[in-house]
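The values are calculated or read from the model by the stated rules, or taken from the named source; none is laboratory data. All of these numbers come straight from a predicted model, not from anything done at the bench. In this analysis, Cβ positions are derived from the backbone assuming ideal geometry, glycine residues included, and neighbour counts consider all displayed protein chains.
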Amino acid sequence: MGTSFQDQLLKSGLVNKKQVNKTKHEKRTNRKKNKGKSPSPETNKTMQEKLAKEKLSRERNLELNKEKQKLENLAQVRQLIETNRLNLDDYEEPYYFAMGKKIKKLFVSEEIAKKLSNGQLAIVKLDDYFEVVSAKVAKQITSRDKNALAVLHTPEK
């Protein structure tokens, strides 16, 4: 194994033992003095830049996760509505309900109209269409997307 630069200088006779010990002592004291000090301004600046990039990356990831969760909820709402909707073909009795400031009309049977009024069934919105589902399914839909629910009457006790 190679010898240190100080040992080589000592062997060649360019420095004496006292000078070698003095430089070792100075190095050791400098290390002790600098041990508690903060890093240089350049190092500090690079650390701040790195932390800023990490923070920005975390914020982007949070936004992407929120967007992904929103899309998953919409897909779940769509699936719940499509699998649990009632068939409303061939009904001629109109059922009127308020959607915001507008009055909407949906053709249902007399039995479905009674269940809607009692709170056993609910009307939900899928794209631009209205569908009738059970109250239990409507509550599941509301937990995922509050805007999908159009009408759910609460039964009076």
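Overview of values
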| read-out | value |
| --- | --- |
| When residues of region 134-157 are limited to those that are touching a helix residue (DSSP H, G or I) at 6+ places or on another chain (Cβ under 9 Å), not in a helix (DSSP H, G or I) and not β-branched (Val, Ile, Thr), the one farthest from ALA75 (Cα to Cα) | PRO155 |
| Identity of the residue in region 104-133, out of contact with any Leu (no Cβ under 8 Å at 6 or more places or on another chain) and in a strand (DSSP E or B), that ends up modelled with the lowest pLDDT | LEU126 |
| Pairs with Cβ under 7 Å, 6+ apart, first in region 26-50 and at pLDDT below 85, second not in a helix (DSSP H, G or I) | ASN44/SER38 |
| The listed residue being on the phi < 0 side of the Ramachandran plot and either polar (S, T, N, Q) or surrounded by 11 or more Cβ atoms within 10 Å (Cβ to Cβ) (or both), out of LYS102, LYS55, LYS33, LYS114 | LYS114 |
| Selection status of PHE97, under 32 Å from the mean Cα position of the chain (by Cα), assigned to a strand (DSSP E or B) and either surrounded by 10 or more Cβ atoms within 10 Å (Cβ to Cβ) or at pLDDT 90 or above (or both) | no |
| Top-ranked residue in region 135-157 [being touching a residue at least 24 places away in the same chain (Cβ under 8 Å) and touching a strand residue (DSSP E or B) at 6+ places or on another chain (Cβ under 6 Å); ranked as nearest to THR83 (Cα to Cα)] | ILE141 |
